[in-house]
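See below for the structure under consideration.
The values are calculated or read from the model by the stated rules, or taken from the named source; none is laboratory data. Keep in mind that this is a model prediction, so the values were computed, not measured. Because the Cβ atoms are built from the backbone with ideal geometry, glycine has one as well, and the counts that use them run over all protein chains shown.
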Amino acid sequence: MNVVITNLSGNTGKTTLAVHMLAPLLQAKRLQVESQNTADGTPDLEVSAKLFASIADEINMAEDNIVIDIGSSDARLMLEKFSELSITRDLIDAWVLPVTPKLKEIADTVRTIQSLLAIGVPPEKVVVVFNEIEDPSLIASTFEAIFKLQKAVGFHVAPVGVRSADIYDRLKNTNKSVFAIADMPFDFKAQKAAALEAKKQGDMDTFREVAQMSVLHPQAQFAAQNLREVFRNTPIAAMCATA
């Protein structure tokens, strides 16, 4: 399965969702297309949109799942290139567009959807994911422009949003997903006892590491549960089940 995550707008959480949701849940290789150095995780392969032929080769000949993470600085050029290479464009199973509650990013997401349709992407392959959600009850009113376009065009919208969480910033530049942390065995009582003993012996590094993990681990479990729910509410999950 080949999934593109992109948006003409910056700061919508493209790389965050690629690293923490799509790549781990699809068990996919992440290919990052970003001319500017704004990544919050280390990709398996990082290239510029100017090297589109190599990107197309990677997609066309892929045997495993790939997530193509296209930064906003390269999004417009990449869409132009996809319009030229219909074989590669048609091999993309889903185009994921994260969007946050900011007005500019909502407007840019509408433009991105329109741009995808203009290059021949079927609306059923477009998936909008609401990101950085503080109050889920405000999704309908906040993203009214998205829902209005969806009604007219027919793309997919994940009804469950990705909740705002500090853990994404805490894991920035660590190359670890929330699932990697959430799935780690962590016996708090045993770890605390060992950490307190280490503190007595002057090993403050071990003490601080356990103290940090006592917060990070439950945060990761909460975020992972949310991401699984969002993923289950996209057509990508159904495609995986029938693949």
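Brief remarks follow.
- Applying the condition of being outside any strand (DSSP E or B) and surrounded by fewer than 20 Cβ atoms within 10 Å (Cβ to Cβ) to segment 40-51 and asking which residue is modelled with the highest pLDDT yields 51.
- Long-range neighbours under 8 Å by Cβ, at least six apart or interchain, first residue in contact (Cβ under 8 Å) with a residue 40 or more places away in the chain within segment 130-150, second basic (Lys, Arg) and assigned to a loop (DSSP other than H, G, I, E, B): none
- When residues of segment 216-236 are limited to those that are touching a helix residue (DSSP H, G or I) at 6+ places or on another chain (Cβ under 9 Å) and of a type in the set (Val, Ile, Thr), the one nearest to residue 170 (Cα to Cα): 230
- The listed residue being more than 19 Å from the chain's Cα centre (by Cα) and under 19 Å from residue 107 (Cα atoms), out of 190, 145: 145
- Filtered by the rule that a residue be in contact with a helix residue (DSSP H, G or I) (Cβ under 9 Å, 6 or more places away or on another chain) and either without any contact (Cβ under 8 Å) to a residue 60 or more places away in the chain or of a type in the set (S, T, N, Q) (or both), segment 59-78 gives 59, 60, 65, 72, 73, 74, 77.
- Number of positions in segment 159-212 that are part of a loop (DSSP other than H, G, I, E, B), buried (at least 17 other Cβ atoms within 10 Å of the Cβ) and among the β-branched types (Val, Ile, Thr): 2
- Any hit, segment 105-116, residues being more than 24 Å from residue 154 (Cβ to Cβ) and surrounded by 14 or more Cβ atoms within 10 Å (Cβ to Cβ): no
- The residue list 64, 69 contains one member that is under 21 Å from the mean Cα position of the chain (by Cα), within 18 Å of residue 236 (Cβ to Cβ), surrounded by fewer than 20 Cβ atoms within 10 Å (Cβ to Cβ) and modelled with pLDDT of 90 or more, which is 64.
- Identity of the residue in segment 131-158, out of contact with any helix residue (DSSP H, G or I) (no Cβ under 6 Å at 6 or more places or on another chain) and either in a strand (DSSP E or B) or basic (Lys, Arg) (or both), that ends up surrounded by the most Cβ atoms within 10 Å (Cβ to Cβ): 133
- Leading residue by the ranking (nearest to residue 52 (Cα to Cα)) among those in segment 1-34 that are outside any strand (DSSP E or B) and of a type in the set (Val, Ile, Thr): 6
- When 222, 143, 155 are screened for being at pLDDT 95 or above, over 30 Å from residue 64 (Cα atoms) and aromatic (Phe, Trp, Tyr), only 143 passes.
- The residues of segment 227-243 that are polar (S, T, N, Q) and either under 26 Å from residue 191 (Cα atoms) or not in a helix (DSSP H, G or I) (or both), listed by number, are 233, 234.
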